[in-house]
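Below is one structure, written out as structure tokens; the observations come after it.
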Amino acid sequence: MIEDLYNINLLDVNKTKIQLKIVGVSLTVYLETKGTENLIRQTKSGQLQNYINKLEIYADDIDQARNIIAALNTSIEKSKLINPDFKTVQEATEFIEHNTGEITPANKKINQKIDFKVGNAHGVTFTNEEMDSKGNVLKNMYEFYLSDINPTSLQFAISGKKIALELKTQNKTNLIKYTKQAELQNFVSEIEILNDDIEITRELIYAYNFAIKESITAPIKWESISAANEFLNSTFKGDRIGTDQYKLAFEADNSDPYQCKYKKSITDSKGVETAEQCLFYPFTIDPEQIKIESAGKYLIVSSFTKSKSYYIKKTKKELSHFDNDLEMISFDAKQAKDIASAIKYLSINALPKQKDWNSKAAAMNYVAQTIGNFSSIGKEIKQKLELVDNDPSKVSYKVFTVDNNGKSLEEIYEFSLTDMNRLMVEFKTQGENVIISMTCKNRNKFVKVYKNGEQQVYCSVVEITEKDINTAKNIADALRYTIIKCE
């Protein structure tokens, strides 16, 4: 004797499709699921079969069939969904752990296990193992945080005997760490957890929903600049991905102007190292342009400078240039969020104190004492600024340059700040340097120029070279202040 057993949730039945069917001498009550989805569980002699979407109930006569239809309609109207009563996240996660395990769709055994770490945004490790046709065990492991899962994404899909519960991250961002056969793969945005019972799966969705909402935590509230810096200084360590060794470091200064240095090096299997250093000031970072992205097998906390100006100095193989973006590597989703939070805090709060020049003389003394000598690509530069007759408005600026071939050039610019346009004092990056420029009012050519002692044609622009963005900004501010005071 073959016994067929059907399990159906009355809330899945489409009331408008319930009808009496007569075929010859046979009477049946026909019903189907909403949307004709395969939601009816069928077993044959105790063996699970594929899920189906319609069912026929046999009746002895028309009166019995009508009574069955009436009973079904009444039961559907009075049925309501009853969810488990979870009081805590632990109760919900224990329910999930208890109901996530071995299933055997198509006579193929799949072992599943899920572990929750209470606290710390509720970290989760999910593993599944199945045997291939050659008897090899294939193991997949997924590591993620409940707080990263979008509760509205929770749904299940049925294929044959298998029910796949889908978990997707917020905005489908690749935040789930995926390891296959002990080898790290690219981060992913969704996973499937299998089951073979619809009602259990529905309760699992409710449990996940409850646990996710209770796991959502507010971003870290940093109490001070030094606290955010301390976190960043201690967080970047590095990791090994395949045959590549990543080494990371972060150095943040707690004193004004709060300079930060991010270092990254990658050593491949042949011992070849690729290293880069990024030097930046948090006040130049746009707090609204900080985000977390996947870069395959690791995550990136990316950010841009305000107005995407080229204020971040990057050095690779001793060659430097300025750029407008910063990318910092992380190997964990929560860590990446905390890094983003710390950088955002610094970008808003680590602001250099505005210098108070007090007088024209003080501002120009700062400029004279700050500009100096340095090496640039292919040349040595010496700069000197002096006041003529001790008058802050009258300036003599000298530049002495020697290139790699020993060829030298001395330039002298003599001008009055009263001739300069305060609205056209600017600084911008050029290669590895920062150029502070001043332009005469109406672009008049009031600047007297000498090259190697010989007077040249008058010009309208004076340029001072610097290596550091914040220093260039202060020099520009001092010049602008003096020009205003001279007007």
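The values are calculated or read from the model by the stated rules, or taken from the named source; none is laboratory data. In this text the structure is predicted, and so the values were computed from the model without any measurement. In this analysis, Cβ positions are derived from the backbone assuming ideal geometry, glycine residues included, and neighbour counts consider all displayed protein chains.
Consider Lys80 carefully, then state whether it is in contact with a Ser or Thr (Cβ under 6 Å, 6 or more places away or on another chain) and either more than 29 Å from Asn128 (Cβ to Cβ) or assigned by TED's automatic domain parsing to the domain that holds Ser159 (or both). Criteria not met by Lys80.
Residue-wise test of (1) assigned to a loop (DSSP other than H, G, I, E, B); (2) more than 44 Å from the chain's Cα centre (by Cα); (3) closer than 30 Å to Ile193 by Cβ.
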{"site": "Gly35", "(1), (2), (3)": "no, no, yes"}
{"site": "Leu55", "(1), (2), (3)": "no, yes, yes"}
{"site": "Asn67", "(1), (2), (3)": "no, yes, no"}
{"site": "Ile82", "(1), (2), (3)": "yes, no, yes"}
{"site": "Glu91", "(1), (2), (3)": "no, no, yes"}
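Within segment 445-460, which residues are surrounded by 13 or more Cβ atoms within 10 Å (Cβ to Cβ), in contact (Cβ under 8 Å) with a residue 24 or more places away in the chain and assigned to a loop (DSSP other than H, G, I, E, B)? Scanning segment 445-460 gives a single hit, Phe446.
Name the residue, out of Phe231, Phe210, that is in the same structural domain as Lys314 (by TED's automatic domain parsing), in a helix (DSSP H, G or I) and not β-branched (Val, Ile, Thr).
Numbers: Phe210 fails: in the same structural domain as Lys314 (by TED's automatic domain parsing).
That would be Phe231, the only listed residue that is in the same structural domain as Lys314 (by TED's automatic domain parsing), in a helix (DSSP H, G or I) and not β-branched (Val, Ile, Thr).
Among the residues making up segment 407-437, those that are out of contact with any helix residue (DSSP H, G or I) (no Cβ under 6 Å at 6 or more places or on another chain), closer than 21 Å to Ile475 by Cβ and hydrophobic (A, V, I, L, M, F, W, C) are Ile412, Phe415, Leu423, Met424, Ile435.
Is it true that Ser147 is small (Gly, Ala, Ser), crowded, with 19+ Cβ neighbours inside 10 Å, outside the structural domain of Asn9 (by TED's automatic domain parsing) and more than 26 Å from Thr33 (Cβ to Cβ)?
Working: small (Gly, Ala, Ser): yes; crowded, with 19+ Cβ neighbours inside 10 Å: yes; outside the structural domain of Asn9 (by TED's automatic domain parsing): yes; more than 26 Å from Thr33 (Cβ to Cβ): yes.
So Ser147 fits the description; yes.
Considering segment 259-376, the qualifying strands (runs of 3 or more DSSP E), each wholly inside and each with 2 or more residues that are among the polar types (S, T, N, Q), run over 260-267, 273-280, 299-304, 374-376.
Tell me which residues, restricted to segment 217-228, are without any contact (Cβ under 8 Å) to a residue 12 or more places away in the chain, part of a loop (DSSP other than H, G, I, E, B) and surrounded by 11 or more Cβ atoms within 10 Å (Cβ to Cβ). Full working, then the answer.
Filtering segment 217-228 down to residues without any contact (Cβ under 8 Å) to a residue 12 or more places away in the chain leaves 218, 221, 223-224, 227.
Subset that is part of a loop (DSSP other than H, G, I, E, B): 218, 221, 223-224.
Listed by number, the list holds a single entry, Ser224.
Report yes if some residue within segment 375-391 is among the small types (Gly, Ala, Ser) and surrounded by 19 or more Cβ atoms within 10 Å (Cβ to Cβ); otherwise report no. Working first, answer last.
Kept after step one, since they are among the small types (Gly, Ala, Ser), are these residues of segment 375-391: 375-376, 378.
Imposing the further condition that a residue be surrounded by 19 or more Cβ atoms within 10 Å (Cβ to Cβ) reduces the set to none.
No, because not a single residue in segment 375-391 is among the small types (Gly, Ala, Ser) and surrounded by 19 or more Cβ atoms within 10 Å (Cβ to Cβ).
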